[in-house]
Amino acid sequence: MKVFVAGGAGYIGSFIVKALGEKGYDILVYDNLSTGHAWAVLYGELIRGDLNDNKTLEDVFSCFKPDAVIHMAASIVVPESVKYPLKYYRNNVINSINLMETCEKFNVKKFVFSSSAAVYGIPRVNPVEEDMALNPINPYGYTKLMVEKILQDLPIQHVCLRYFNVAGADEKRRIGQVVKDATHLITRCVRTALGKYRCLEIYGNDYDTDDGTCIRDYIHVEDLAQAHVLALDYLMDGGNSNVFNCGYGHGYSVLEVVNKTKEVMNINFPTKFKERREGDPPVLIADSKKIRKMLHFKPQHDDLEFIIRTAGNWEKKVWEEKLF
Ligand code: UFG
């Protein structure tokens with residue numbers, strides 16, 4: 001099967017390409033390399049291109065003739081989306097429309113879309129089920145919800161995967177996240193442990209949780225990649241359009257992540273409590289029953305220690321080899 005992977009040179013995309021490649025899919029990665037890297041594409045062919053470039057998109061579709069599309073090319077930093085909403089609506093919504101138009105033109109009817117737990121906003125209850133209220137609290141979340149809605153109106157069989165907190169890296173240190181200014185908790189923790197930052201700031205310790213810090217459902221990037229392969233197989237087997245949470249169904253507080261990082265990396269580092277970060281839901285945990293039941297999702301790395309260890313080992317390489 002031929003799969004067109006938009007954004008396949010980025011952090012999550014490169015793991016999806018690896019998972020597809022290991023299963024023998026014929027892959028074409030389309031990526032503008034704004035945050036991705038050519039070296040991260042371990043399988044298939046890479047075409048450097050932008051989703052705003054309809055001509056190149058059409059040329060690529062006409063040569064490659066994909067059976068299915070996986071779309072995860074997007075801007076993903078929540079605070080940046082608040083600062084530059086139009087950049088997000090353009091990159092994430094308009095460019096998705098271009099891709100969907102190209103699918104329509106070339107009769108590609110299977111589409112896996114990378115959505116986000118950000119579509120739920122601040123959920124009323126946790127774990128969050130897929131049919132709960134969708135109330136994003138930032139432009140990033142709205143862009144993901146809009147694309148989900150647009151897909152519903154099209155005669156395209158699609159699966160929207162709502163990612164919770166993705167982290168970790170390849171155990172063999174071939175691929176992982178490369179960012180200069182990290183915002184994500186696990187990356188910031190391991191960088192602080194490695195001495196790259198002086199102190200880990202904890203945004204808020206007065207939340208209504210056991211230790212007062214926010215709780216998230218951290219999923220290893222390889223399990224998330226596996227969810228995409230399952231979603232694709234589901235569509236190829238004639239599965240109806242659907243939406244699935246991608247998380248493990250339980251969470252860890254910021255303090256638990258900090259303490260686990262100190263333990264796994266065997267280093268103590270300073271922390272400081274700061275003001276709450278705007279737009280942070282206190283708790284965000286996936287109800288993962290649906291994906292486990294319908295897609296037979298069986299996580300292999302539901303283990304915070306493994307997630308942090310692989311993130312830490314990868315981060316060492318990022319700095320040693322100055323990958324950013
Ligand atoms: N945090 C800190 N200190 C830091 C970094 C983060 O205390 O230095 C806290 C945050 O305030 C939050 C938690 O750690 O409570 C997790 O924060 P992240 O930035 O790692 O992740 P988010 O939960 O904010 O967001 C992530 C993705 C979004 C996605 C969301 C869905 O970045 O794209 O998960 O769950 F929408």
(message) If I compute solvent accessible area with a 1.4 Å probe over the protein chains, what percent of it on the chain is carbon and sulfur?
(response) 49
(request) Using the Cα centre as the reference, give the magnitude of the dipole from point charges on the C-beta atoms of region 184-324 (Lys, Arg: +1; Asp, Glu: -1; all else neutral), rounded to the nearest 20 debye. (result) 400
(message) Run the reach check for LYS272 against aspartates and glutamates, Cα to Cα strictly under 17 Å, same-chain hits fewer than 8 apart removed. What comes back?
(response) GLU201, ASP206, ASP211, GLU256
(message) So if I restrict to the alpha-carbon atoms in region 63-166, what is the Rg, and what is Dmax, the biggest pairwise distance, in Å?
(response) 14.1, 47
(message) Give the aspartates and glutamates reachable from LYS172 as a straight Cα distance under 13 Å; neighbours fewer than 8 places away on the same chain don't count.
(response) GLU222, GLU315
(message) Counting only Cα atoms, I'd like the Rg/Rh figure for region 225-324, Kirkwood definition for Rh.
(response) 1.06
(message) Give me P(r) over the chain, computed from all C-alpha to C-alpha distances, binned every 10 Å, as integer percentages.
(response) 6, 27, 37, 23, 7, 1
(message) Within 10 Å of each candidate Cβ there may be at most 16 other Cβ atoms; applying that plus a DSSP loop requirement, which trypsin sites (Lys or Arg not before Pro) in region 156-218 survive?
(response) LYS172, ARG173, ARG174, LYS180, LYS196, ARG198
(message) Per residue, how much accessible surface does region 1-77 expose to a 1.4 Å probe? Answer in Å², no decimals.
(response) 39
(request) Would you work out the charge dipole size for the chain about its Cα centre, treating the Cβ of every Lys and Arg as +1 and the Cβ of every Asp and Glu as -1, and quote it to the nearest 20 debye? (result) 580
(message) Can you pull out the GluC sites (Glu not before Pro) in region 252-324 whose DSSP state is coil and whose Cβ has at most 15 other Cβ atoms within 10 Å?
(response) GLU275, GLU278, GLU321
(request) Report, in deg cm²/dmol and to the nearest 500, the calculated mean residue ellipticity at 222 nm for the chain, where each DSSP H run with n ≥ 4 adds -39500 (n - 2.57) and the sum is divided by the residue count. (result) -11000 deg cm²/dmol
(message) Which log10 I(q)/I(0) values does region 55-101 give at q = 0.14, 0.28, 0.30 Å⁻¹ under the Debye formula, counting every alpha carbon as one identical point scatterer?
(response) -0.43, -1.03, -1.11
(message) Just want the answer: with Cβ charges of +1 for Lys and Arg and -1 for Asp and Glu, which residue in SER114, TYR203, TYR218 is farthest toward the dipole's positive end in the chain?
(response) TYR203
(message) Give me the net charge for the shell around LYS18: Cβ to Cβ below 9 angstrom, other residues only, Lys and Arg +1, Asp and Glu -1.
(response) -2
(message) List the pairs from LYS180/LYS322; LYS196/LYS262; LYS87/LYS196 whose alpha-carbon separation is above 18 Å, in the order I gave them.
(response) LYS87/LYS196
(request) Just give me a number: lysine pairs in region 1-85, eight or more positions apart or cross-chain, with C-alpha atoms less than 28 Å apart. (result) 8
(message) Using all alpha carbons of region 155-282, what is the percent of pairwise distances in each 10 Å bin, ordered from the shortest bin to the longest?
(response) 11, 35, 31, 16, 7, 0
(request) With both partners inside the chain, how many of the DSSP beta bridges are antiparallel, as a percent to the nearest 5? (result) 5
(request) Any lysines with Cα under 17 Å of the LYS289 Cα? List them, leaving off those in the same chain fewer than 8 positions away. (result) LYS298
(message) I'd like to know which of ASN135, ALA193, LEU161 lies farthest towards the positive end of the charge dipole of region 125-204, counting +1 on Cβ of Lys and Arg and -1 on Cβ of Asp and Glu.
(response) ALA193
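The values are calculated or read from the model by the stated rules, or taken from the named source; none is laboratory data. All figures in this text were calculated on a predicted structure; none of them were measured in a lab. Positions of Cβ are backbone-derived with ideal geometry, glycine not excepted, and every protein chain shown enters the neighbour counts. Protein only, heavy atoms only, side chains kept; ligands, DNA and RNA dropped before computing areas. Shrake-Rupley method; radii C 1.70, N 1.55, O 1.52, S 1.80 Å.
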